[in-house]
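Have a look at the structure below, then the notes.
The values are calculated or read from the model by the stated rules, or taken from the named source; none is laboratory data. Since this is a predicted model, take the numbers as computed values, not measurements. Here the Cβ positions follow ideal geometry from the backbone for every residue, glycine too, while neighbour counts run over all protein chains shown. Quick note on the areas: whole protein, heavy atoms, side chains included, nothing else; ligands and nucleic acids left out. Shrake-Rupley method; radii C 1.70, N 1.55, O 1.52, S 1.80 Å.
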Amino acid sequence: MIGNESLLQLALLLPLVAVAGIRLLGRHENLREAVSLLAGTALFATVCSLYDPVFRGELVEIRWLELMPGLSLAFRAEPLGLLFSLIASFLWSVTTLYAIGYMRGHGEGNQTRFYSLFAVSIGAVMGIAFAENLFTLFVFYEVLTLSTYPLVTHAGTDKARAGGRVYLGILLGTSIGFFLLAIVATWLLAGTLSFTPGGVFDADTPRSLLSVLLALYVFGVGKAAVMPFHRWLPAAMVAPTPVSALLHAVAVVKAGVFVLLKVCLLIFGLDTLGSIPATEWLLYLAGISVLLASVVALRQQNLKARLAYSTVSQLGYITMGALLATSAGFSGSALHIVMHAFGKITLFFCAGAILVAAHKTEIHQLRGIGRQMPVTMVAFFIASLSIIGIPPTGGTWSKWYLMLGTLEAGQWLLMALLMGSSLLSIAYLLPIPLRAFFSGNGQDSGGPPVAIREAPWPSLLAIGVTTLGCMLLLFYPNAFYQLIKVAL
Amino acid sequence: MLVAALYNYWIVIALMMIGLFVVILGGNLVKKIIGLNIFQTSVFIFYISVGKVDGGSAPILTEGVELYSNPLPHVLILTAIVVGIATTALALALAIRIKQAYGTIEERDIQTRDSQC
Amino acid sequence: MLAHLPVLQVILPLVAAPSCLIIRKSGLVWLFTFLVSLAALTVSALLLQQVIDSGVISYHLGGWDAPWGIEYRIDILNAWVLLIVSALGTVVLAAAHTSIRRELEEGQQILFYTLYLLCFSGLLGIVATGDVFNVFVFLEISSLSTYALIALGRDRRALWAAFQYLVMGTVGATFLLIGIGFLYMVTGTLNMQDLAARLPAIGTSTTVLAAFAFILVGICLKLALFPLHLWLPNAYAYAPSVVTAFIAATATKVAVYLLIRFTVSIFGVDFSLSVLPLQHLLIGLGLLGVLTASVVAVYQMNIKRMFAYSSVAQVGYMIVGIGLGTAAGLQATLLHLFNHALMKGALFLALAGVVYRVGSANISAFRGLGRRMPWTMGAIVIGGISLIGMPLTAGFISKWYLISAAVDSSHWLVALLLVAGSLLAVAYVWRLVEAAYFHSPETPDKPADEAPLSLLIPTWLLALANLYFGVDTRLPLAVTEMASRTLFGGAL
Amino acid sequence: MELLVDIALLGLLLVTAVAIAWARDLLAAVMLAGIYGLLSASFFMVMGAVDVAFTEAAVGAGISPLLMLATLSLTGRFQAGTDTRRVLFSLSLVILVGALLVAATLDMPAFGSPEAPAQQHVAPRYITESMNEIGIPNIVTSVLASYRAYDTLGEVVVIFTAGLGVLALLMSLPPQGEPVRGELLSPMRGHRILRVIGKILIPPILVFALYVQFHGEYGPGGGFQAGVIFAVGFILYAMLFGLDVVARVVSNAVVQVIAAVGVLLYGTVGLLGMLTGNNYLDYRDLAGDPVTGQHIGIIAIELGVGITVASVMMLVFFVFSGQLAGRRAG
């Protein structure tokens, strides 16, 4: 039997081992991808076996090194982090499976670099999830930015480079500009950076200062894509689809909102958070972010761009839930991390499948495609439901708790806003699968119809798994819900 | 009274500023170097003035003389003079090389020639 | 022998320099200079150890007591700077042989090493001494040799850059001389300790103020503090590659040291930062330097020039740290002194490798270089990341301390602007990374063509030092903390 | 009387400086700079700074104009005009600095006052004690070669550095392959009278150099001045009889080595101090009693200074005139 500490070590080091393996076996495609898959599965298993001890509230903590007095690289397995790492590691394996089909089907170059950076990113996500203090978190946050940057510019075209520049500029800019500053200020105010239940600040810390600090955090964590710092997310869509799917639907963006949740809960504490004047303003900002992004999404004709803006909007929900400073709102937020992850990754998988199989990227090209690619489009439909938040999908739960949260906090306006944006999400998501099935062939150009088949089987399998996940989460949200309860 | 007490210093300042003016004004590099020389030499004059003691004789010990000029500034300036000539020699060597490389030692021409390439 | 360490530190390279002319074989001369600088490095390490163990060391040259003779006075501050200078000087020298053989003619090589040693000992002499006039003398040794070294660059613009530097540097040194003269006039002494003891009694006479102003301007000219930096970019850009690496890693550091020595130790914090509006001036100019130079750096086509502007910006950081006027700020400056030497050393040595292989430091030459010279570019990326101040690199540590010092003394705006400077660093570093990794080379299919090992090893030594000192910070933190505490404790 | 001479000399200096700033003809400017050097030497003389006066005369009125003239013959005699904006800018900057300086003088001790701090603190010891401690009458030499001998070592290194710098800059040009005809190197070779006078003058010059070298302890003079005079002897010889003739006696490489030996001599004497168990440059134990030790040390290091200065001066001059020759041959 391995000790819990060793499990935590393993969770952090496995991705690195995978990187080494992938690099070594770079020449042999099959072996290389087998290593990726194997590492993914092993990582998921490792994280799963941490569930019990964390649930029982055992202290699982490791320290790597101390940089300067009080500033150390240290990790602790706690419920919120576990929740995040569970999803990320599970979806990593699934995405690897998907990527095998996609990358081969699409004939991408530099695949070894792709897979190894993919593993580095997941390693960084593990670091973020299990960080014991803000400093460690910041380190891995930056590692994640830097390691995903080459993935965004993977194609090496001018467009990809331009996208990469925006990506890096905003993410590094906000993190160094605001996040780091906020961390330094926290350090000076509280004398510690460790995540502490109930928050680290004294009761007599000036609220105005905390207001500034909170704003710095909300804007500094650019990965949470709160407007106006959301531009990087659509820009990142130049990346290959598996990257968009895993990183920009799950790992990177969820890292952002996860950081916000963690800061709200364990740096400020929900009670303190509720008493900060700026919280109200930031709440409305998040609300506006939700609404505006939905409207923008509606106007996008490129499928991936629409999904990207939808992500911006959904991230707004999560930010809002955390800032509500109520337990229901917080639970909703945390649950939405899970639900949205499954839903959005499915949607991206589908978009990638369409690209690989039919070479289509624009929405208007998708009319009637349901007949050639039924599995993909059914999956698209179910995932859309989950994003919108209607049964039979898991998204129902998170939306429910978020609504409850606005009610608890007495924010009627926000509640209305949530409902309005849900309607908008119906409008921008559902027509896509519906038209795919129920309208005529979009190829009215008169050329000879191209034979379109489903995507390669590994990709299809992956789509199936995540779609199933979306539905199963309706019935079994408990594992996650209990974890959130422990966190609170 | 004030004027008599500080006359030396003021002249020295005027000399310094003339030297500095020639340096900043630029133009011909050799002229610049001459300006630098004036500037430095005027600082030497300043130091030696500081070391002057009314009625003091040259700091070479002689029977029956009690009052000497301050020898320390003299020592410092001996060193500074050497530094000055060293700088001048190097600067002139540079000017020669610049003439060979650019064909001119007028500051403006050099700059235009640099911006062309 | 241990009792003579302070003077050996300077004398070893100083006496070794003329010996080079007698050896007359360039390979041998290189080996000789390298061994000498290694010895100097050992001496500086021993000195630091000695100072930590037993406090300030005072060494009376010629056996004459302090205000009458010249004193070498090593406290923790100059022991630290001595270590930085000798370490970087040694590492760069290790790399010099290969690069110099390509960039200079046979006859010039021996002169190069001689001048290098002279410059090296000049810099060490400035730091070690406790006598203000002796500072001037050694400043001139280092300056004259630097002018000549810069002028050895192959591009004709090196000559013009050297000349401009010579004029600016000489004016600066003469300003320093005027300031020293004023100080001597009102105190009758040249010894730093003695000056520090006698100045408070004189108070704020205009002569003292003018002395301060002239010394400050003189040092800032050497320091390339914005807006007195105009000589620096060309000098860095067109000097032989190793010379750039050497002076970028050491010369400005020594100037920063002088600034600290004069403002904090000699004039005293009270006088320098409280009586005068110097605090605002230093912070203002420092920030201005950080921002403008970084912006200009973004638009440079020549990468050596780009990093030269970045050096001007980084000097700004150090000046802001001094300007904050707190022990924490000073500590940040001292940390950055060390860390910046590591970064710029690594970066410019890596550039030397690029120039060696590709023959140019223009951004277009970097296209696709990530594949052609993976190790060299790897070192540049590490150095660049450290320059930006990413965690786990040395640059982060100094940024962290600087920002916390700013926030701690409630200079929020300063903190924000410092951070903005970092962002600009992202912009210019990333331009390079993008060119190297995400542009295809102009002549594709060129096989990997790494810089020679003799260049690569020192480069990576410094790159790894950037990582190492980003993680294990005990030594720099302990030393800088002790230094800033004693400086402020002694002055207040 | 002394004051009047002082005022007059300063006035002349001012006039000369203005004339230099005004001159378009660089040859005139260089000549004026020579006069400026001579005037300041005279001023130093009046101030009782005999050693400084001696040095300034050799440098400011001798070596420095000589090198400038050599440069001018390579770079051209006239300068171009300057633009007005630059004049205004420079003028305002200079006035600013000047105003600061004038303000600084207001709190200064009066000129010549024996009560000034500079005269009170460190210097008196040199005057009262140097006879006992060092044992030589020229206080300047005592301070220069013993109390502050380390500065002087620095000074020697500075001049050595400059020599090497000049060499590094100019040695590679012109291509050293083709021999240059002798008369091109000696513009005065044709003047028989000059050559005869030169032949008569040069030996006394060299002897005088030796006198200055070893007399520095008693009167004005010392290694630096001696080195310059010695070099002037050789330079004169080169001008009269050709560089190639001199080069036959001492080649460039040999001069380099000699320059290095001078610095090494100085440095080694310092190290000897350490071997006798004292600090660097402490000569007191070089002989039986401290005063004799000081004496030996000072003679040795002054010799080092003289050797280096003489050889660097020669080196610089040879390199400069090598350029001239190269240009004329080409």
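Chains A and C: how much accessible area gets covered up at their contact, both sides added, probe 1.4 Å, in Å² to the nearest hundred?
That pair of chains buries around 2800 Å² in total.
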Exercise for the section: Return the carbon/sulfur percentage of the accessible area of the range C:154-210, one whole number, probe 1.4 Å, all protein chains in place. Expected result: 54 percent
Practice task
Quote the relative contact order of chain B in percent (integer), defining contacts as alpha-carbon pairs under 8 Å separated by 6+ residues.
Solution key: 24 percent
Completion exercise
Using a 1.4 Å probe on heavy atoms of the protein chains only, the accessible area for C:Asp408 in Å², nearest 10, reads 100 Å²
Exercise for the section: Summarise the accessible area of the range D:112-155 (1.4 Å probe, protein heavy atoms) by the percent that is carbon and sulfur. Expected result: 54 percent
Exercise for the section: At q = 0.08 Å⁻¹, what is the base-10 log of I(q)/I(0) for chain C according to the Debye formula with one equal point scatterer per Cα and no solvent? Please give it to two decimals. Expected result: -0.43
Fill in the blank from the handout: Here, D:Phe89 and D:Thr268, labelled 7 Å along Cα→Cβ, have an inter-label distance in nm of 5.3 nm
Fill in the blank from the handout: Note: C:16-29 gets an average of partner chain Cβ contacts (10 Å, Cβ to Cβ) equal to 4
Exercise for the section: Largest first and in whole Å, give the semi-axes of the range C:277-491's equivalent ellipsoid, each being the square root of 5 times a Cα gyration tensor eigenvalue. Expected result: 33, 18, 12
Fill in the blank from the handout: the protein assembly as shown accessible area per residue, 1.4 Å probe, protein heavy atoms, integer Å², reads 32 Å²
Handout entry: Lys/Arg +1, Asp/Glu -1 at C-beta; chain C dipole; positive extreme among C:Ala235, C:Leu124, C:Asn134
Key = C:Ala235
Exercise for the section: With a 1.4 Å probe and all protein chains in place, put A:Arg299, A:Arg63 in order of accessible area, largest first. Expected result: A:Arg299, A:Arg63
Problem - Relative contact order [Cα under 8 Å, 6+ residues apart], chain C, whole percent - result: 15 percent
Problem - Sum of -39500 (n - 2.57) over DSSP H runs of 4+, divided by residues of chain D (222 nm, nearest 500) - result: -24500 deg cm²/dmol
Fill in the blank from the handout: Once C:Leu467 and C:Leu288 are pulled to full extension, the length gained, defined as 0.36 nm per residue separation minus their Cα-Cα distance, is 61.5 nm
Fill in the blank from the handout: In nm², the average projected area of the convex hull spanned by the Cα atoms of the range C:13-68 is 5.2 nm²
Problem - Whole-angstrom Cα spans of the range C:338-377 along principal axes, big to small - result: 31, 17, 15
Practice task
Have a look at D:Ala123, D:Ala231, D:Ala17 and tell me which one the Gaussian network model of chain D (Cα, springs below 10 Å) gives the largest fluctuation.
Solution key: D:Ala123
Completion exercise
Over the Cα atoms of the protein assembly as shown the radius of gyration and the largest Cα-Cα distance (Dmax), both in Å, equal 37.1, 124
Practice task
Bin all alpha-carbon pair distances of the range C:122-277 at 10 Å intervals from 0 and give each bin's fraction as a whole percent.
Solution key: 11, 41, 29, 14, 4, 0
Exercise for the section: Assuming a ≥ b ≥ c are the square roots of the Cα gyration tensor eigenvalues, decide whether the range D:56-148 counts as rounded (a/c under 1.5), prolate (otherwise, with a/b larger than b/c) or oblate. Expected result: oblate
Problem - Cβ charges +1 (Lys, Arg) and -1 (Asp, Glu), total dipole of chain D, debye - result: 1560 debye
Handout entry: Computed magnitude of the charge dipole of the range C:277-491 (debye, nearest 20; Cβ of K, R +1, Cβ of D, E -1)
Key = 240 debye
Exercise for the section: Could you work out how far apart the two model spin labels at A:Thr112 and A:Ser6 are, taking each label as a point 7 Å from the Cα in the direction of the beta carbon, and quote it in nm? Expected result: 3.2 nm
Fill in the blank from the handout: Gyration tensor on Cα atoms of chain D, a ≥ b ≥ c root eigenvalues, a/c under 1.5 rounded, else prolate if a/b beats b/c, else oblate, says oblate
Problem - Magnitude of the charge dipole, the protein assembly as shown, Cβ model with Lys/Arg +1 and Asp/Glu -1, debye to 20 - result: 4940 debye
Exercise for the section: Against the globular-protein guess of 2.2 N^0.38 Å, express the Cα radius of gyration of the range C:199-245 as a ratio, rounded to two decimals. Expected result: 1.71
Exercise for the section: Note down the nm distance, to one decimal, between modelled labels 7 Å out along Cα→Cβ at A:Ser49 and at A:Arg207. Expected result: 4.9 nm
Handout entry: Surface accessible to a 1.4 Å probe, A:Leu31 within the full protein complex, Å²
Key = 90 Å²
Handout entry: Accessible area that becomes buried as B packs against D, both chains, 1.4 Å probe, Å², nearest 100
Key = 7500 Å²
Handout entry: Which listed pairs, of A:Lys223/A:Lys304; B:Lys32/B:Lys99; C:Lys25/C:Lys344; B:Lys31/B:Lys99; B:Lys99/C:Lys25; A:Lys254/A:Lys399, have C-alpha distances above 23 Å, in listed order
Key = C:Lys25/C:Lys344; B:Lys99/C:Lys25
Practice task
Mind pulling up the Rg/Rh value for the range D:1-79? Radius of gyration and Kirkwood radius, both on Cα.
Solution key: 1.05
Completion exercise
Note: D vs C interface, total accessible area buried (1.4 Å probe; ligands, DNA, RNA excluded), nearest 100 Å², is 4800 Å²
Problem - Exposure rank, largest accessible area first [B:Ile11, C:Ile178; 1.4 Å] - result: B:Ile11, C:Ile178
Problem - Which of C:Leu464, C:Leu2, D:Gly233, positive extreme of dipole for the protein assembly as shown (C-beta unit charges) - result: C:Leu464
Problem - Peptide C:163-176, shielding by other chains (average Cβ, 10 Å cutoff) - result: 6
Exercise for the section: Select from D:Ala21, D:Ala145, D:Ala103 the residue whose mean-square fluctuation is largest in a Gaussian network model of chain D (Cα-Cα springs shorter than 10 Å). Expected result: D:Ala103
Fill in the blank from the handout: 1/(1 + (r/R0)^6) with r = Cβ-Cβ of A:Ser275 and D:Leu96, R0 = 51 Å, i.e. FRET efficiency to nearest 0.05, evaluates to 0.35
Completion exercise
So the FRET efficiency between A:Leu430 and A:Thr157, C-beta based with R0 = 30 Å and rounded to 0.05, is 0.35
Fill in the blank from the handout: For the range A:157-189 the residues that are at least 50 Å² less accessible with all protein chains than alone, 1.4 Å probe, are A:Arg161, A:Ile176, A:Leu180, A:Leu181, A:Val184, A:Leu188
Completion exercise
Cα-based Debye curve of chain B sampled at q = 0.19 Å⁻¹ gives log₁₀ I(q)/I(0) of -1.02
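State, to one decimal in nm², a quarter of the convex hull surface area for the C-alpha atoms of chain A, i.e. the direction-averaged projected area. Could you put the intermediate results ahead of the total?
On the way: hull surface 86.1 nm².
Mean shadow area of the hull around the Cα atoms is 21.5 nm².
What translational diffusion coefficient, to the nearest whole µm²/s, does the range D:135-330 have by Stokes-Einstein, given a Kirkwood radius computed over alpha-carbon pairs, a temperature of 10 °C and 1.306 mPa s viscosity?
89 µm²/s
Between A:Phe438 and A:Arg104, take the C-beta separation as r, use R0 = 41 Å, and let me know the FRET efficiency to the nearest 0.05.
Efficiency, from the Cβ-Cβ distance: 0.80.
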